[in-house]
1. Given the protein chains as shown and a 1.4 Å probe, how many square angstrom of MET379 are accessible, to the nearest 10?
2. Return the carbon/sulfur percentage of the accessible area of the range 215-330, one whole number, probe 1.4 Å, all protein chains in place.
3. Which value, in Å², gives the accessible area per residue of the range 326-454 when a 1.4 Å probe is used on the protein heavy atoms?
4. What distance in nm lies between label points placed 7 Å from Cα along the C-beta direction at LEU24 and ILE415?
Amino acid sequence: MARIDVVMPQMGESIAEGTLSKWLKKVGDEIKRDEPLFEISTDKVDAEIPSAAAGVLAEILVTEGQTVPVQTVVARLETEKGAAASGAPAGTATGGARSGGNGATVGAGAPPQKQNTAVPSAAPQRSAAPVTASTQSSSSMAQSAAANSFEDRLRTKSSPLVRKIAAEHGIEISALSGTGIAGRVTKRDLDQHLGGGGVSASHAPSFSRESHGPVPTPWPGDRVEPMSRMRALISDHMVASRRTSAHVTSFFEVDLTRVARIRSQLRAQVEAQTGQKLTFLPFIIKAVTEGLRKFPVLNASVAGTSVIYRKNINIGVAVALDWGLIVPVIRGADDLSLGGLTKALNDLAARARVKKLAPAEVQEGTFTITNPGVFGSLMGTPIINQPQVAIMGVGAIEKRPKVMTGADGEDTIAIRTCAYFSLSFDHRIVDGADADRFMAFIKQYIESYPETAA
């Protein structure tokens, strides 16, 4: 009989923690390999995590709604059918762990392996709940998880100024109740704690860099709801991106009449081959991948005073969910055909909406496309998805009257299918001229879409 650990998986390259949103099994339940065990939530993905081994759920160490660091043990399984559930400390047996050729534990919690070349994959991937040999007691793990909760760490990660003032006065920041996001202690909180003559909260709005704005009080009749974990993390991610990158946005009107005609001709064929609906987005993704090859600075990241030019072209596509936003990634998008892009795009979007994405499918994006036009928006200024340096928005695709110049030089009014494209870029490394050349290339490519690319 062996008892093995189930740990919190890493759901993104920049994700250090996750929220266990729901247990799908209870202590004493039998579970099959690849059967969903629990749900997690981060700012990048909501997903069901399947078990990597068959057995009985012996212990649950992390409760629903608790946020813990990646690789934290959240539960233990007995790998032999019928084993009794108990709270006894786990042993060190590893019989239930799955490992690769080098003996390393394999599972959803392991950081993704870097590849030298992009390998496109449109087929669904199954993630496995990672398991490792147990070496700690349940009580010590529970205490460690509680001490490293998202709120605890966020509260102590105040600004350098706040930490400096606290150190000068011998104040333990974690002991204070802050007014910033998730209880972060702000300078105003310290001023009030020290009696430094700060303005009374009853006479001025609470405002700080940490809380990203004023903290209003509800009025009679207002309804107050706490942010979901995903919404709170998205909020923090968006504000952090605005602080990190020098955002600039350019707009281009693009004529998609030719693409609309090609799409109409190919729709039945692509749908018969892939079983997927052919939209305008695969055509746009194909144009973007060609543009990124020509202008690699848009497919880059900033690392201090260095620029990382990505070899792979992995396109993230924003998908709106009822409970938030997620950006699954089409890896090696530049190597996929129109049919391949269609299949990958629709598959990722469908599984994102039912929490079936694997961790690798929301990681290592190099450029993002968001499509608010599906809701009728004409244009927008999207926020860059860190650590990328650009994001393109596609507005509503609609028919408009346009002035066209014929071969004889005469101007006529024609009905054309058009949309506004926006590009938000990081002006730290992307100059306006390069951004506009990139967008001009996208416009020209789409308006004269090559038949061979279809």
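The values are calculated or read from the model by the stated rules, or taken from the named source; none is laboratory data. As the structure is a computational prediction, the values presented were derived from the model and not from experiment. Heads up, the Cβs are rebuilt from the backbone with ideal geometry, glycines too, and the neighbour counts pull from every protein chain shown. Just so you know, the surface numbers come from the protein's heavy atoms only, side chains and all, with ligands and any DNA or RNA stripped out. Shrake-Rupley method; radii C 1.70, N 1.55, O 1.52, S 1.80 Å.
1. Accessible area of MET379: about 90 Å².
2. On the way: 3250 of 6100 Å².
After summing per-atom areas, the C and S share lands at 53 percent.
3. Working: 5300 Å² over 129 residues.
In whole numbers, the range 326-454 has 41 Å² accessible per residue.
4. 4.8 nm
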